[in-house]
Amino acid sequence: LLSLCRAEEAAVVVCGLRNTDVFVGESATFTCELSHPGVKNVQWWLDGTPLHNNLVTEISEQDGRIHTLTLNDVACHDSGTVTFRAGSLISTAKLLVKGIFSVI
């Protein structure tokens with residue numbers, strides 16, 4: 001148990017989230033890479049609302065280090081701040097969903 005605590009304290013964000021612009025109906029993917037696995041309490045948020053795996057929101061993890069969030073079929077109201085939290089580590093990025101406007 002002590003080694004897990006040390007591992008979490010030593011972990012750092014190697015590659016943080018990047019701001020992403022997409023059009024309505026597209027998918028937006030955010031990836032955060034940690035220095036090593038073993039960090040507990042991993043959570044994704046959109047504008048302060050916790051996100052969970054479902055048909056629209058895909059959350060995955062590779063090797064315990066690479067954490068990915070994909071928001072499918074986004075709408076304009078999905079624009080906001082995406083936050084990744086792993087223990088005490090935090091990375092944020094902006095999601096901008098652009099509408100497709102037609103002139104009548």
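So the values come out like this:
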| item | result |
| --- | --- |
| Cβ-Cβ under 6 Å pairs, at least 6 apart or on other chains, segment 1-18 side under 15 Å from L89 (Cβ atoms) and in a strand (DSSP E or B), far side at pLDDT 70 or above and not aromatic (F, W, Y) | V13/L89; V13/S91; V14/E33; V14/S35; C15/E33 |
| T49, sole failed condition from (1) at pLDDT below 95; (2) of a type in the set (V, I, T); (3) open to solvent by 70 Å² or more (accessible area, probe 1.4 Å) | (1) |
| Any chance R6 is open to solvent by 90 Å² or more (accessible area, probe 1.4 Å), among the charged types (D, E, K, R) and at pLDDT 95 or above | no |
| So T31, is it surrounded by 15 or more Cβ atoms within 10 Å (Cβ to Cβ), β-branched (V, I, T) and free of Cβ contacts under 8 Å to residues at least 40 places away in the same chain | yes |
| Unmet criterion (only one of (1) modelled with pLDDT of 95 or more; (2) loosely packed, with under 15 Cβ neighbours inside 10 Å; (3) within 14 Å of the chain's Cα centre (by Cα)) for N41 | (1) |
| Subset of segment 52-62 [closer than 19 Å to A75 by Cβ, part of a strand (DSSP E or B) and open to solvent by 80 Å² or more (accessible area, probe 1.4 Å)] | E58 |
| Criterion violated by I66 - all others in (1) open to solvent by less than 80 Å² (accessible area, probe 1.4 Å); (2) among the aliphatic types (A, V, I, L, M); (3) over 17 Å from T92 (Cα atoms) satisfied | (3) |
| Search result, residues across segment 71-89 that are in a strand (DSSP E or B) and surrounded by 15 or more Cβ atoms within 10 Å (Cβ to Cβ) | L71, G80, V82, T83, F84, R85, A86, L89 |
| Count - residues of segment 66-85 that are farther than 12 Å from G16 by Cα and either touching a His at 6+ places or on another chain (Cβ under 8 Å) or among the acidic types (D, E) (or both) | 2 |
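The values are calculated or read from the model by the stated rules, or taken from the named source; none is laboratory data. Note that this is a predicted model, so its numbers are computed, not measured. A quick note on method: Cβ atoms are made from the backbone with ideal geometry, for glycine too, and the neighbour counts reach across all protein chains shown. The protein model used for the area step is the full one, side chains on, heavy atoms only, and it has no ligands, DNA or RNA in it. Shrake-Rupley method; radii C 1.70, N 1.55, O 1.52, S 1.80 Å.
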